[in-house]
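Below is one structure, written out as C-alpha cells; the observations come after it.
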Amino acid sequence: MSAAGLRRGVRLGVDVGSVRVGVARCDPDGILATPVRTVARRRDGGDVAEIAAIAAEVGAMEVLVGLPRHLSGRQGESADAARGYAVRVAAAVAPLPVRLVDERLTTVSAHQALRASGRPGRRHREVVDQVAAVMIVEHALEVERRTGQPAGEPVGPGETVRGGTSQ
C-alpha cells in the first residue's frame with residue numbers, strides 16, 4: 001500500500017448498460033483513468049468474455065462494476081441487473097476480485113462532460129459508457145485514497161441476486 005493509502009495496480013472499470021458496456025482502466029499508480037472501449041451486450045455472454053480478456057490484457061488487479069443506485073440510495077431493477085452482471089464477470093475473471101461501486105449520476109455526469117468538451121449530443125452514445133466507466137474508476141480510487149480501503153462491496157462467482165441467481 002502506498003503512502004496515500006492506495007494499493008498499486010491497474011483497476012478495470014465497467015459501466016453496465018442494457019445495450020452497451022463501457023470499459024475504462026487506470027494506470028498501476030492510480031493517477032489517471034482512461035477509456036478502453038465500448039463492448040456490445042450479447043446474449044451468448046461474449047461481452048463478459050470480452051471484459052475478461054480486457055482484464056487479462058491490461059493486467060488488472062480488480063474489476064470495478066458500477067452499481068446504479070437511486071439518489072435515495074435504494075437499489076432498483078438496474079442495480080439488480082448490474083449485480084447479476086458483476087457475478088457473471090466474477091465467474092469469468094476468477095480469481096481476480098470484482099467489486100460493486102456506487103455509480104449514482106455517472107451517466108448524467110458523463111453526458112455533461114461530453115457536452116462541455118464540445119462533442120455533439122448525437123455522438124455521445126458512442127463514448128458515454130466509456131466516460132461513465134472512467135468516472136467509476138476515479139470514484140473508487142478517491143474512496144480508497146481517502147479511507148485506505150477498497151471501494152464498494154466484493155462480489156463472488158455464483159452469488160445469488162434478488163429475483164434468483166445471476167445465471
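Each reported figure results from applying straightforward, stated rules to the coordinates on display, with no laboratory input. The structure presented is a predicted model; accordingly, all values stated were derived computationally and were not measured. When we count neighbours, we look across all protein chains shown, and the Cβ atoms used for this are built from the backbone with ideal geometry, even at glycine.
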key: Separation of the Asp29 and Arg41 label points, Cα + 7 Å toward Cβ, nm   = 3.8
request  = Give the long-range amide H neighbours of Arg37: residues separated by 5 or more places, or on another chain, with amide H under 5 Å away, using H modelled in the peptide plane at 1.01 Å from N.
outcome  = Val23
task = Could you list which residues have their amide H under 5 Å from that of Leu100, counting only those 5 or more apart in sequence or on another chain, with H placed in the peptide plane?
result = Val65, Glu153, Val155
ask   = Given H placed 1.01 Å from N in the peptide plane, which residues other than close sequence neighbours of Arg7 have an amide H under 5 Å from its amide H?
value = Ser2
